[in-house]
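**Q** What follows is a structure written as structure tokens; I'll ask about it next.
The values are calculated or read from the model by the stated rules, or taken from the named source; none is laboratory data. These numbers were taken from a predicted model, which means no experiment stands behind them. For neighbour counting, all protein chains shown are included, and Cβ atoms are generated from backbone atoms with ideal geometry for every residue, glycine included. What goes into the accessible areas is simple: the full protein's heavy atoms, side chains included, and nothing from ligands, DNA or RNA. Shrake-Rupley method; radii C 1.70, N 1.55, O 1.52, S 1.80 Å.
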Amino acid sequence: MSDHDTHAPTPLDNIKVLELGQLIAGPYCGQVLADFGAQVIKIEPPGKGDAMRQWGAADSDTGEPLWWNVIGRNKQSLTLDLRQPRGQQLLRELASDADVIIENFRPGTMERWGLSYDVLSRDNPGLVMVRVTGFGQDGPYASRAGFASVCEAMGGLRYLSGHPDRPPVRVGISIGDTLAGLHAALGTMMALHQRERTGHGQVVDSSIFESVLAMMESLVPEYARAGKIRERSGSVLKGIAPSNAYPARDGRNVIIGANQDTVFRRLCEAMGQPTLADHPDYATHRARGEHQQAIDDVIAVWTQQHDAQQIVDHLADAGVPAGLVFRAPDMLEDPHFQARKAIVEVPDHHGKPLPMQSVFPRLSSTPGSVRHVGPILGEHTESILSDWLGLNAEALAALRDDQVI
């Protein structure tokens, strides 16, 4: 079952969203809005749909790709060929009754189709258009294709990822896409709030490279004012110690973060070495940073004498942040994940429970929920065109014959 009563009020249940585009960045914005109750209509090319329907590992029983069930969840699917004039006209008509349009085409595509913000807002001044791209709507790189891997590199993340003696690596997920989608959702809410004051919508411009750049902490001012370029540092943050992965006796690794003075003292007591906290090489934050490797070596000697779970339990009792490196099976079995309902089971299209991450963040009075998995391609085409635009069966049949829907 889902994580919440499907009939309970949600914060966005009066918001109508048209989601154009495909893959991750724009659709993740749509996922966030849909999770909190917005009616998100996913507009897809007839016959093939969003490429995300084919991405990721497949169900071992049905052979159907699984990722779509997550990024398409809570949405409705309407097929519409936006390259045809009639499809463009239908989109304009739908937009006149929408609150938000999300698109992640290359800049200029919507304008080429006669679907610019100026055109769409003419009949709907309160419309918010959310534009998600690699490099933003202007600037010399705006027209370039911008996949997350490239934009993560330009935003600064790739250079910092990995070990200093090896080439940069990527995180194992498309984090840049998701960050851009998350910033787009945040911008959407800001624009809707402003609309409450003025009655007018606006354009939200969320680029992948700037979404990554926004997470880069003090990287730029450190260079501009201190001449410091941050470098790759493997599994540690240089100067922040102890904070690393430490080997346990059973072959697992334990993440321990004890870089604050009081927490480091508690760690030393937990290790049975309380005087270590007063050693001049380790007594202060800066001193520990300068002797990072030495203190990591001391801790590793201790952790190798115990099994990983024992270490975590012991340090939890001592008030020292520590945890195991979780994989999916660990998440599904963990009692805290279960108590928080961080993973919920949702029936797939065959009625089989499918576990996936729950809605986040949590709201105490009007929480979001996972109401259903990603829709079948075109599942809601006729009902939406009928409800929103009043098209009858004959008109719908003509659109199908012309492959507009």
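**Q** Going by the conditions given, is ARG288 open to solvent by 60 Å² or more (accessible area, probe 1.4 Å), at pLDDT 95 or above and under 30 Å from ALA248 (Cβ atoms)?
**A** Values: open to solvent by 60 Å² or more (accessible area, probe 1.4 Å): no; at pLDDT 95 or above: yes; under 30 Å from ALA248 (Cβ atoms): yes.
When the stated conditions are applied, ARG288 does not pass them.
Rundown of residues vs (1) closer than 25 Å to GLY187 by Cβ; (2) open to solvent by less than 20 Å² (accessible area, probe 1.4 Å), yes/no style:
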residue	(1), (2)
ASP13	yes, no
LYS16	yes, no
GLN22	yes, no
PRO45	no, no
ARG53	no, no
SER60	no, no
ASN74	yes, yes
ARG83	no, no
ARG92	yes, no
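**Q** Find all pairs meeting these conditions: Cβ atoms under 8 angstrom apart; at least six residues apart or on different chains; first residue within the stretch 264-288 and within 15 Å of HIS314 (Cβ to Cβ); second residue of a type in the set (Gly, Ala, Ser) and part of a helix (DSSP H, G or I).
**A** ARG266/ALA318; LEU267/ALA318; CYS268/ALA277; GLU269/ALA277; GLU269/ALA318; ALA270/ALA318
**Q** Since VAL128 meets every condition but one in (1) free of Cβ contacts under 8 Å to residues at least 60 places away in the same chain; (2) under 19 Å from PRO27 (Cβ atoms); (3) surrounded by 22 or more Cβ atoms within 10 Å (Cβ to Cβ), which condition does it not meet?
**A** Only one criterion in (1) free of Cβ contacts under 8 Å to residues at least 60 places away in the same chain; (2) under 19 Å from PRO27 (Cβ atoms); (3) surrounded by 22 or more Cβ atoms within 10 Å (Cβ to Cβ) is unmet by VAL128, namely (1).
**Q** I'd like the residue in the stretch 315-352 that is part of a loop (DSSP other than H, G, I, E, B) and β-branched (Val, Ile, Thr) and, out of all such residues, is most open to solvent (accessible area, probe 1.4 Å).
**A** It comes out as VAL325.
**Q** I would also like to ask the following. Which of the residues spanning the stretch 133-146 are free of Cβ contacts under 8 Å to residues at least 24 places away in the same chain and among the aromatic types (Phe, Trp, Tyr)?
**A** TYR141
**Q** Report yes if GLN31 is assigned to a loop (DSSP other than H, G, I, E, B), within 19 Å of the chain's Cα centre (by Cα) and in contact (Cβ under 8 Å) with a residue 40 or more places away in the chain, otherwise no.
**A** Here the answer is no, as GLN31 does not meet what is asked.
**Q** Of the conditions (1) under 30 Å from LYS75 (Cβ atoms); (2) open to solvent by 70 Å² or more (accessible area, probe 1.4 Å); (3) among the polar types (S, T, N, Q), SER358 fails just one. Which one is it?
**A** (2)
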